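Report on the structure given below.
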Ligand code: KG4
Ligand code: ZN
């Protein structure tokens with residue numbers, strides 16, 4: 001069975017072809033990122049227009065690399081949310097038209113669930129329940145998965161982890177997106193130079209990263225930014241965010257009584273976070289699923305994978321499928 005995955009929730013226009021549940025035949029990602037850079041963040045209207053222009057070509061390229069024809073596709077899976085409404089609508093409309101024309105089933109996929117599914121393309125998913133950590137530009141969430149259902153254990157009350165990286169990078173005069181830049185500079189800085197701390201909410205697994213962003217801003221107003229202290233600020237900020245993510249992930253695994261942990265989303269590309277999650281897994285004897293870099297950032301392989309799996313579980317969408325910017329976990 002061949003599943004076509006389509007992703008347009010933010011600035012990546014992506015299509016992928018998956019055979020069965022594990023054989024990725026192609027994955028093509030085109031990004032409109034460079035058109036947003038001068039605005040310091042993704043501009044929804046610009047993202048939508050680029051999806052509209054790019055989608056057709058990205059699909060053709062995905063089919064060509066997979067060596068399949070459109071008529072060979074058995075299922076169309078598309079991101080239905082969460083994400084930017086205009087951007088989502090382009091993908092959903094395209095997918096609906098395609099499914100109708102081909103006479104094949106359509107399935108709307110949750111983008112955050114798909115970030116976790118990205119881990120199970122190359123490796124079979126854990127047999128028992130697992131904790132999932134999704135850290136992206138728009139979301140920070142801990143969930144427990146068991147018997148086809150997700151339960152949210154904690155989520156961000158304000159800025160997402162990636163968003164905090166992007167905003168702090170801006171304060172430090174670095175480019176957009178800020179995550180990779182901070183990651184690079186932090187490697188040369190002292191993580192204990194400044195005692196930043198992410199929000200602590202007693203007994204809760206929720207996250208808050210807006211206070212730490214303000215703390216960096218005040219620090220910079222008081223002391224300025226130089227080439228020397230910039231690396232220290234990057235390292236100190238990164239350490240504080242990663243400490244908080246890892247501490248709550250450890251607590252989530254303990255409370256949820258799981259033996260497996262899966263992590264996905266753009267921030268999983270972060271060097272320190274990857275290292276610290278690996279240490280956590282070793283120390284707690286957890287089976288760790290860490291998205292490889294190419295599938296941590298937005299892509300359609302994860303959408304195809306999530307679609308193929310849910311389809312086998314009996315889920316279907318009708319041609320009335322809509323885009324939902326706040327789509328919740330199923
Ligand atoms: O999952 P993603 O590609 O898009 C969303 O669904 O939001 O995540 C993008 C986010 C951006 O905020 C970016 O700064 C962050 O992931 N990011 C990183 C790194 N690479 C990307 N954050 C920290 N360290 C990185 N190496
Ligand atoms: Zn994403």
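The values are calculated or read from the model by the stated rules, or taken from the named source; none is laboratory data. In this text the structure is predicted, and so the values were computed from the model without any measurement. As a convention, Cβ positions derive from the backbone with ideal geometry for all residues, glycine included, and neighbour counts pool all protein chains shown.
Taking the condition within 16 Å of ligand 1 (Cβ to nearest atom), part of a helix (DSSP H, G or I) and either in contact with a helix residue (DSSP H, G or I) (Cβ under 8 Å, 6 or more places away or on another chain) or closer than 18 Å to residue 298 by Cα (or both), does residue 86 pass?
yes
Return the residue satisfying two criteria in turn: it lies in region 5-26 and is touching a strand residue (DSSP E or B) at 6+ places or on another chain (Cβ under 8 Å) and within 14 Å of ligand 1 (Cβ to nearest atom), and of such residues it is modelled with the lowest pLDDT. Can you show your working first?
Taking region 5-26 and keeping what is touching a strand residue (DSSP E or B) at 6+ places or on another chain (Cβ under 8 Å), we get 5-9, 11-19, 24-26.
Filter once more, so that each one left must be within 14 Å of ligand 1 (Cβ to nearest atom): 7-9, 11-14.
On the way: 7: 98, 8: 98, 9: 96, 11: 90, 12: 94, 13: 97, 14: 98.
Here the residue is 11.
Identify all residues within region 299-328 that are within 16 Å of ligand 1 (Cβ to nearest atom), under 15 Å from residue 81 (Cβ atoms) and in contact with a helix residue (DSSP H, G or I) (Cβ under 7 Å, 6 or more places away or on another chain); write none if there are none.
Once the filter is applied, which keeps residues that are within 16 Å of ligand 1 (Cβ to nearest atom), under 15 Å from residue 81 (Cβ atoms) and in contact with a helix residue (DSSP H, G or I) (Cβ under 7 Å, 6 or more places away or on another chain), region 299-328 yields 302, 303, 306, 323, 325.
Return the residues of region 73-83 that are in contact with a strand residue (DSSP E or B) (Cβ under 8 Å, 6 or more places away or on another chain) and either within 16 Å of ligand 1 (Cβ to nearest atom) or over 15 Å from residue 308 (Cα atoms) (or both); say none if nothing qualifies.
Passing the criteria: 78, 79, 80, 81, 82.
Evaluate region 290-300: report whether one residue or more is part of a loop (DSSP other than H, G, I, E, B), modelled with pLDDT under 95, more than 15 Å from residue 139 (Cβ to Cβ) and within 16 Å of ligand 2 (Cβ to nearest atom).
Yes, there is a match, as at least one residue in region 290-300 is part of a loop (DSSP other than H, G, I, E, B), modelled with pLDDT under 95, more than 15 Å from residue 139 (Cβ to Cβ) and within 16 Å of ligand 2 (Cβ to nearest atom).
Hey, could you check region 91-123 for residues that are in contact (Cβ under 8 Å) with a residue 60 or more places away in the chain, more than 16 Å from ligand 1 (Cβ to nearest atom) and more than 20 Å from residue 19 (Cα to Cα) and say which is surrounded by the fewest Cβ atoms within 10 Å (Cβ to Cβ)?
Per the stated criteria, the residue is 100.
Which of the numbered conditions does residue 128 fail, given that it passes all the others? Conditions: (1) surrounded by 18 or more Cβ atoms within 10 Å (Cβ to Cβ); (2) more than 17 Å from the chain's Cα centre (by Cα).
Here residue 128 meets the rest and fails (1).
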